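*Asks:* Quick one: the structure is below, questions incoming.
The values are calculated or read from the model by the stated rules, or taken from the named source; none is laboratory data. What you see is a predicted model, and the numbers here were worked out from it, not measured in a lab. So basically every Cβ, Gly included, is an ideal-geometry build from the backbone, and we count neighbours across all protein chains shown. Just the protein is used for accessible areas: all its heavy atoms, side chains included, with ligands, DNA and RNA removed. Shrake-Rupley method; radii C 1.70, N 1.55, O 1.52, S 1.80 Å.
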Amino acid sequence: MSASLRAESELMAAPRKGRRRRSTALTKSDKIWLSLMVGIPATIHILLVWIPALATVVLSFMEWDNLLPIGEAQPVGFRNYWVIFTIFDTNLFPAMFNNFMLVAFLFVCSAVGMLFAYLLDKNIRGSAIYQSIYYFPVVLSLAVVGFIWKSTMFSRDSGLLNTLWPGGRIDFVGDSTKVFQFDLPFLDFPLGLSRNFAALLLAMAWRHIGYVMVLYLAGLKAVDPGLREASAIDGANEVQTFRNVVFPSLKPINVVVAVITVIEALRAYDIVAALNEQRGTEVMGTIVTNALVGEGGGRVGIGSAYGVVLLLLCLAFIIWYVTNHYREGEKA
Amino acid sequence: MTAQTPGSPSPSEFGISLFGRRRFIAGAAGATGAAAVLAACGSDDDGGASSPATDAAGDDPPATEPSGDVGSTTFGSNYSDEKPRAGMAAAIEATGVATEINTIDHNSYQENFNTYVQQPDDVLAWFAGYRMRAFAAKGVVGDISDVWADLDQSEGFKNASTGRDGKQYFVPFYFYAWGVHYRKSLFEEKGYEIPTDWAGFIALCEQMEADGITPISAANDGGWPQMGMFDMINMRTNGYDFHVSLMGGSESWTDDRVKQVFTNWMDLLPFYQPDANGREWQAAANSLGAKETGMYLIGNFLTSNFDAETQQDIIDDIDFFPFPEIDPAYGQDAIEAPIDGFMMAASPANEDGAKALLRGLGSADAINAYIAVDPSVVAAANGADTASYNALQQKASDLVGSAKFISQFLDRDTDPAFASEVVGKAIADFLSDPGSIDGLLATVEEQKATFTFE
């Protein structure tokens, strides 16, 4: 009973923590230090992120072969965008679709990661071992994950999945036939999930689940056990406790995981590149790079246009996140 | 920036090696560094435009030979691996021209070539074919027709060194050849004859299938291996000139002649190893080595897949024949042989020195000196010492030396971005769904219009 009361009183007290009185009395040296600590990172950020980003936007309206001096670049208006949306639509839309598939799929993985964390947090026997096993893939970069899965799991002639699979051999790496597909009114070809991209999603799940699990484990440790006790005493079952008590108190972690998940999905590049960018697995990251990098890869305008599309996707998410975050903040 | 556009290997990456395998995991892994940067919201503007690392791989001391009266010159080299680097130093010394060699890691060199070529060394290492012609047409490399007057190299090499304006811009150094590789012992055991025409080739495939052997090893991971098949069927069906104009962007991909290439290709598909798209060329090579498959159209670098210590018997057992004739009008007159060599800067600091160096590098002496150090390549120059060649090198040398036309490979004979982004994808789609070829060719033609072929 006393535990429950304490928990309740803490719940009541919680919002008050947020309203800390702001001190405006900064000394002169405080101001200098503050402006340095804000100014230096901001300058670096603007120099290395926003100026190149703006340059990309400018270049996306130009035609330049990256060979003649930059002064020779010709403005072409929206032609590069017209080219990527109508002529290279067979690149752009499948890549965007794959990125959206990734966002959706990685959210499912995040949910699985949360479930794993919840179960492991119950101090079951050997939980440290399970934790290490699930966490192990996170120390590998996605490119390395790609190499590992390509050679040991997916390989048609010698991969583990093909050895264990009872049916005929499956080409996990190269088979671009669709698992499901649908038509869009403005496209003359169907969009859909390729088999090889589905396989690649599995490899990404292998890593992403462990990553999210660790974040939630840390979060769960911070949840006051008294809260759970209280809800148990109030007669809530496991699911109700999780939904109404544990999950809400994980809110800060949920936000972090949502951001990580979306960013991971939009910036996907390395694992696709490691599998040699098979047909059906293209993502925005690879089509941007292909147009820009490489010998003779002098399609700066078109590559920049792809890049701007990706930038807009990222910005849309960031704006949504920032506005949401601040709105939530005001409510509290 | 080493993010790699998939491309056919350069002879300087693979030779006809008998000396163990060289793998490119490292290079591919290097791509991830660029990946992290580029993928982050895609806000990088001009990837790959960072200045080439001219300071990257050290400064070899200038060759000490007296240089006559041509003065000293500079040479930008992508011969960055240990053996090629030593070989190149020996070759330069053999020319007797005082030269400062700037060696740059070959991946960086190729990735940043667009930037480098704007302020290059006097002489620069590069590749024959479109990759050379594109730069020649933009006027960033120099005309060296007068050097060719003194070179002793075959007509095929001269054609491969000629720009669109009919002048020469390139001096070949060495090459490897593409052909249909097979295991001699398998052919002897089963009594197979080398086919010289299409009907014979198909008949041999049928016979192999009846014997329980998959006739054709097939890989397409990376998108380049099957470009070789397209090139060979195209040159046998429509001739070398059509290949050049098709690659140069002046023929339509919806033309019946292109369609015919894929129609002929469909005759072969039933004999392919299944699921070519996801298979690495090394896995297909292993199938050939294990005699699970009978034939493999690939470059001579095939032998580098086998370990010189434990699989020397396989290496010695591999031979190749030129792709069989399809149209008697063209016979077997063209062979695919990517060539590495040299170009000259548009305005070299020391033009006489640069040309003297190019003359020297195009001679038998230089390549002999090179091969003495790195005996994994085949010399372009006539009169080079062939005594140390193994059977495969000897055959490549004979076939290429007598070929009327030498093509460079699809991704070297056209805009590399067009090759990998458009044609390579169409070929991969064709392999997974051969019936869709009409639509694929229409897409290629539509996308081709966005490239400016030089």
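*Asks:* Over chain B, what is the percentage of antiparallel beta bridges among all DSSP beta bridges, to the nearest 5?
*Replies:* Roughly 60 percent of the beta bridges in chain B run antiparallel, per DSSP.
*Asks:* Of all the accessible heavy-atom surface of the range A:84-331, with the other protein chains kept in place and a 1.4 Å probe, what percent is carbon and sulfur?
*Replies:* That share works out to 66 percent.
*Asks:* Could you give the nm distance between label points at A:Val259 and A:His325, where each point is 7 Å from its Cα heading toward the beta carbon?
*Replies:* 0.4
*Asks:* So if I place +1 on the C-beta of Lys and Arg and -1 on the C-beta of Asp and Glu, and nothing else carries charge, what would the dipole magnitude of the range A:203-263 be about its Cα centre? I want it in debye, nearest 20.
*Replies:* 260
*Asks:* Using helices alone, I'd like the mean residue ellipticity at 222 nm for chain B: each DSSP H run of four-plus residues gives -39500 (n - 2.57), total over residue count, nearest 500.
*Replies:* -12000 deg cm²/dmol
*Asks:* What residue among A:Ile70, A:Leu200, B:Ser376 has its Cα farthest toward the positive end of the dipole of the protein assembly as shown, where the charges are +1 on Lys, Arg and -1 on Asp, Glu, each on the Cβ?
*Replies:* A:Leu200
*Asks:* Any idea what the dipole of the range A:84-331 comes to, in debye rounded to 20, about its Cα centre with Lys/Arg Cβ at +1 and Asp/Glu Cβ at -1?
*Replies:* So the dipole magnitude of the range A:84-331 works out to roughly 360 debye.
*Asks:* Note down the magnitude of the dipole of chain B about its Cα centre, charges +1 on Lys and Arg C-beta and -1 on Asp and Glu C-beta and zero elsewhere, to the nearest 20 debye.
*Replies:* Approximately 140 debye in magnitude.
*Asks:* Report the one residue of A:Gly285, A:Asn324, B:Gly435 whose Cα lies farthest in the direction of the positive end of the charge dipole of the protein assembly as shown (charges on C-beta: Lys and Arg +1, Asp and Glu -1; origin at the Cα centre).
*Replies:* Result: A:Asn324.
*Asks:* Then there is this: Enter the angle in degrees (range 0 to 90, nearest 10) between the Cα long axis of helix B:351-361 and the first principal axis of the Cα atoms of chain B, meaning the one along which they spread out most.
*Replies:* That works out to roughly 40 degrees.
*Asks:* Computed FRET efficiency, Cβ-Cβ of B:Lys291 and B:Asp398, R0 25 Å: what is it to the nearest 0.05?
*Replies:* 0.40
*Asks:* Given a 1.4 Å probe and every protein chain left where it sits, what share in percent of the accessible area of the range B:215-309 is carbon and sulfur?
*Replies:* Ligands and nucleic acids excluded, carbon and sulfur give 43 percent.
*Asks:* A further question on this structure: Give, as a single signed number, the net charge of other residues whose beta carbon lies under 10 Å from the beta carbon of A:Arg279, with Lys and Arg counted +1 and Asp and Glu -1.
*Replies:* -3
*Asks:* With unit charges on the beta carbon (Lys/Arg positive, Asp/Glu negative), name the residue among A:Asn254, A:Gly301, A:Ile271 whose Cα is farthest towards the positive pole of the charge dipole of the range A:214-332.
*Replies:* Towards the positive end, the residue furthest out is A:Gly301.
*Asks:* Then there is this: Report the full-extension gain for the segment B:Asp352 to B:Thr254: residue separation times 0.36 nm, less the Cα-Cα distance, to one decimal in nm.
*Replies:* Length gained, B:Asp352 through B:Thr254: 30.5 nm.
*Asks:* Could you state the accessible area per residue of the range B:238-331 in Å², with a 1.4 Å probe and every protein chain left in place?
*Replies:* Here the per-residue accessible area is 34 Å².
*Asks:* Just which residues of the range B:420-435 lose 20 Å² or more accessible area with every protein chain there, against their chain alone, with the probe set to 1.4 Å?
*Replies:* Those are B:Glu421, B:Lys425, B:Asp429, B:Ser432, which lose 20 Å² or more relative to the chain on its own.
*Asks:* From Cα pairs below 8 angstrom and at least 6 apart in sequence, can you work out the relative contact order of the range A:84-331, rounded to a whole percent?
*Replies:* Result for the range A:84-331 is 28 percent.
*Asks:* Next question. Near B:Gly331, within a Cβ-to-Cβ distance under 10 Å, what is the net charge of the other residues, with Lys and Arg +1 and Asp and Glu -1?
*Replies:* Residues close to B:Gly331 contribute a combined charge of -2.
*Asks:* Tell me, what is the percent relative contact order of chain B, built from C-alpha pairs under 8 Å that lie six or more residues apart?
*Replies:* 28
*Asks:* Given 0.36 nm per residue, what is the gain on full extension from A:Leu187 to A:Ala25 after removing their alpha carbon distance, in nm?
*Replies:* Additional length available on full extension: 52.2 nm.
*Asks:* While we're on this one: Would you mind calculating the relative contact order of the range A:131-214 from Cα pairs under 8 angstrom and at least 6 residues apart, reporting the percent as a whole number?
*Replies:* That works out to 33 percent.
*Asks:* Between A:Val108 and A:Asn244, what is the spin-label point distance in nm, taking each point 7 Å from the Cα along the Cα→C-beta axis?
*Replies:* 3.1
*Asks:* For chain A, what does the alpha-carbon gyration tensor say about shape, rounded, prolate or oblate, given a ≥ b ≥ c as the root eigenvalues, a/c under 1.5 as rounded, and a/b over b/c as prolate?
*Replies:* oblate
*Asks:* Provide the per residue accessible area, probe 1.4 Å, for chain A, rounded to a whole number of square angstrom.
*Replies:* Heavy-atom accessible area per residue stands at 54 Å².
*Asks:* For the pairing of chain A with chain B, what total accessible surface becomes buried, with a 1.4 angstrom probe, in square angstrom to the nearest 100?
*Replies:* 4400
*Asks:* Quick one: if the Förster radius is 56 Å, what FRET efficiency do B:Phe451 and B:Asp211 give, using the C-beta to C-beta distance and rounding to 0.05?
*Replies:* After rounding to 0.05, the efficiency reads 0.80.
*Asks:* With runs of 4+ DSSP H residues as the only contributors, calculate the mean residue ellipticity of chain A at 222 nm using -39,500 (n - 2.57) per run, divided by the residue total and rounded to the nearest 500.
*Replies:* Mean residue ellipticity, 222 nm, calculated: -19500 deg cm²/dmol.
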